[in-house]
1. Go through segment 93-105 and give me each residue that's over 11 Å from residue 17 (Cα atoms) and within 17 Å of the chain's Cα centre (by Cα).
2. Consider segment 46-68. How many of its residues are at pLDDT 95 or above and assigned to a strand (DSSP E or B)?
3. Which residue pairs have Cβ atoms under 6 Å apart, sit 6 or more places apart or on different chains, and have a first residue in segment 17-31 that is of a type in the set (A, V, I, L, M) and a second that is part of a loop (DSSP other than H, G, I, E, B)?
4. Of the conditions (1) free of Cβ contacts under 8 Å to residues at least 60 places away in the same chain; (2) surrounded by fewer than 18 Cβ atoms within 10 Å (Cβ to Cβ); (3) among the polar types (S, T, N, Q); (4) over 18 Å from residue 22 (Cα atoms), residue 71 clears all except one; give me its number.
5. Quick check on this structure: which one of 83, 74, 105, 21 is outside any loop (DSSP other than H, G, I, E, B) and within 22 Å of residue 141 (Cα to Cα)?
6. Can you find a residue that is touching a Pro at 6+ places or on another chain (Cβ under 6 Å), closer than 18 Å to residue 126 by Cα and crowded, with 22+ Cβ neighbours inside 10 Å anywhere in segment 22-31?
7. Just the residues that are over 21 Å from residue 143 (Cα atoms) and in a strand (DSSP E or B), please, taken from segment 24-40.
Amino acid sequence: MSGARKKAPAKHVQYAALPYRRRSDNRTQVMLVTARESGRWVIPKGWPKKKTTPAGTAACEALEEAGVVGTVGRSSIGSYSIRKRLKSGAVVSCVVRVFPLKVTRQQKSWPERGERDIQWFSRAKAAKIVRERALAEIILNLPKAK
């Protein structure tokens, strides 16, 4: 037997925004969007963009998928793993790094309007309806909006 080992498949990385706001009663809410194919609740995320920081990519995805603009945190507040189906049909393991996005406004139109539903939820409700346990923990541990 040779000493060669099979390499573990390389993990792909996506960057995501966790849009949040503080209501007038000081409660923090987070925005979720529906995935285009499955319709399940997720956060805006996408592949790295050339000449754009991970946080900048997350902010771009929030604008494209949910029409929200705001201040994105420079540091990731956590990550979770997903299985992602590529356009080729292949399924790959992905690590999604999450960046907080304090929403200051929502555009009247955006690239994926009409392709997804968007909704604001309490942190507890959002954590219950997302499928990924690690994402639920990130949502629950989101620092209170300032």
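1. Kept after step one, since they are over 11 Å from residue 17 (Cα atoms), are these residues of segment 93-105: 93-95, 104-105.
Within segment 93-105, 93, 94, 95 qualify.
2. Looking only at that region, the number is 1.
3. Here the result reads 17/44; 18/43, each pair linking segment 17-31 to a residue that is part of a loop (DSSP other than H, G, I, E, B).
4. (4)
5. Numbers: 83 fails: within 22 Å of residue 141 (Cα to Cα); 74 fails: outside any loop (DSSP other than H, G, I, E, B); 105 fails: within 22 Å of residue 141 (Cα to Cα).
Being outside any loop (DSSP other than H, G, I, E, B) and within 22 Å of residue 141 (Cα to Cα) holds for just one of 83, 74, 105, 21, which is 21.
6. For segment 22-31, residues touching a Pro at 6+ places or on another chain (Cβ under 6 Å), closer than 18 Å to residue 126 by Cα and crowded, with 22+ Cβ neighbours inside 10 Å: present.
7. So in segment 24-40, the residues over 21 Å from residue 143 (Cα atoms) come out as 34-40.
34, the sole residue that qualifies.
The values are calculated or read from the model by the stated rules, or taken from the named source; none is laboratory data. All figures in this text were calculated on a predicted structure; none of them were measured in a lab. Methodologically, a virtual Cβ is constructed for each residue, glycine included, from the backbone with ideal geometry; neighbour enumeration extends over all protein chains shown.
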